[in-house]
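The values are calculated or read from the model by the stated rules, or taken from the named source; none is laboratory data. Everything numeric here is computed off the predicted structure, so don't read it as measured data. No Cβ is skipped: glycine too gets one built from the backbone with ideal geometry, and neighbour counts run over all protein chains shown.
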């Protein structure tokens, strides 16, 4: 099981789920982006279990196409069945703007 999610992140996931309801891709993208903009990394397992996003790579692809700089790190998580799975762990890269 993915017990490594802290309570602050769990609360943020629940808030995003409540803020952007619906199952369409727009709502799913909004939930994913909300979490990433809050500075959290999000893996595919967390997205499906906590955000009702069942194809996170597609949503990340859509967000990238919209101009968001999201990078992928590969991690292994253990599911409720006790099996390890390699999943994408996504992070939003923020550009640093320098004063002219």
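Can you go through 44, 72 and tell me which one is touching a helix residue (DSSP H, G or I) at 6+ places or on another chain (Cβ under 6 Å) and surrounded by 14 or more Cβ atoms within 10 Å (Cβ to Cβ)?
Exactly one residue qualifies, and that residue is 44.
Considering only residues that are in a loop (DSSP other than H, G, I, E, B), touching a strand residue (DSSP E or B) at 6+ places or on another chain (Cβ under 9 Å) and at pLDDT 95 or above, which ones fall in region 54-81?
If the condition is that a residue be in a loop (DSSP other than H, G, I, E, B), touching a strand residue (DSSP E or B) at 6+ places or on another chain (Cβ under 9 Å) and at pLDDT 95 or above, then 68, 69 are the ones that fit.
Would region 80-87 turn up any residue that is more than 11 Å from the chain's Cα centre (by Cα) and buried (at least 19 other Cβ atoms within 10 Å of the Cβ)?
yes
Conditions first: (1) touching a helix residue (DSSP H, G or I) at 6+ places or on another chain (Cβ under 7 Å); (2) in a helix (DSSP H, G or I); (3) farther than 14 Å from residue 91 by Cβ. Residue 21 passes all but one, so which condition is the exception?
(2)
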